Amino acid sequence: MPVDGQVYVSCPLAGTPWDALTVAHEFGHALQLNCCSGVQLPPVLRETAAFVAEAVVAGALALRDTPLADPVCRAYARRTLTDLGPIAKRLRAALACPDTPYDDCWNYPPARQIAQALTQGDRPLRTGIAASVFRGDAQLGALVSLLCSDAE
């Protein structure tokens, strides 16, 4: 949250491997706020930055032989499955019924897919595109096109 020109982060920690992802997620939000101060971003782009940060931390830990690596990577995989499974299913149902009240979680499936396209596969961390997400000048349509080009 920006306060008096400063970015403050607050994370609920539980003493579990999920904490590493929570800190990474909130750091992603803070970094984006710092890089594009004053720019109003759509929630999907805000969550994309946070999920890119999670992916970078999980990926970096996966390359290290530390006791934290395996539990954090498993937690990351579970979070991803939840966002692209049950939450995506709720989003699809809501899209079919326009009177459904808004749920902020609906931003997670597309943001998670975009973050995966930027950080995984044969072209991991498409640096320029990821940087544009953090700077606040990424266009959502271009990011969705990136998903479509990866599917081909």
On the given criteria, is L81 assigned to a helix (DSSP H, G or I), under 17 Å from L21 (Cβ atoms) and in contact (Cβ under 8 Å) with a residue 40 or more places away in the chain? no
Can you tell which of L41, L13, L81 is at pLDDT 95 or above and surrounded by fewer than 19 Cβ atoms within 10 Å (Cβ to Cβ)? L81
I want to confirm something. Restricting to the stretch 14-32 and keeping residues that are under 15 Å from L68 (Cα atoms) and either aliphatic (A, V, I, L, M) or not in a loop (DSSP other than H, G, I, E, B) (or both), which single residue is farthest from the chain's Cα centre (by Cα)? A14
Sole exception among (1) under 21 Å from Q116 (Cβ atoms); (2) at pLDDT below 95; (3) buried (at least 19 other Cβ atoms within 10 Å of the Cβ) for L33, by number: (1)
Condition test on A94, is it modelled with pLDDT of 90 or more, in a helix (DSSP H, G or I) and either of a type outside the set (V, I, T) or closer than 25 Å to P17 by Cβ (or both)? yes
Filtered residue count, the stretch 97-113, keeping only those that are buried (at least 18 other Cβ atoms within 10 Å of the Cβ) and within 23 Å of T16 (Cα to Cα): 2
Would you call T66 hydroxyl-bearing (S, T, Y), modelled with pLDDT of 95 or more and surrounded by fewer than 21 Cβ atoms within 10 Å (Cβ to Cβ)? no
Taking the stretch 11-32, which residues are closer than 12 Å to R79 by Cβ and either acidic (D, E) or touching a residue at least 12 places away in the same chain (Cβ under 8 Å) (or both)? P17, W18, A20, L21, A24, H25
Output the residues belonging to the stretch 33-71 that are without any contact (Cβ under 8 Å) to a residue 40 or more places away in the chain, within 15 Å of Y8 (Cα to Cα) and in a helix (DSSP H, G or I). L33, N34
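The values are calculated or read from the model by the stated rules, or taken from the named source; none is laboratory data. This one's a predicted model, so the numbers in the text were calculated from it and none came from an experiment. We place every Cβ from the backbone using ideal geometry, glycine too, and count neighbours over all the protein chains shown.
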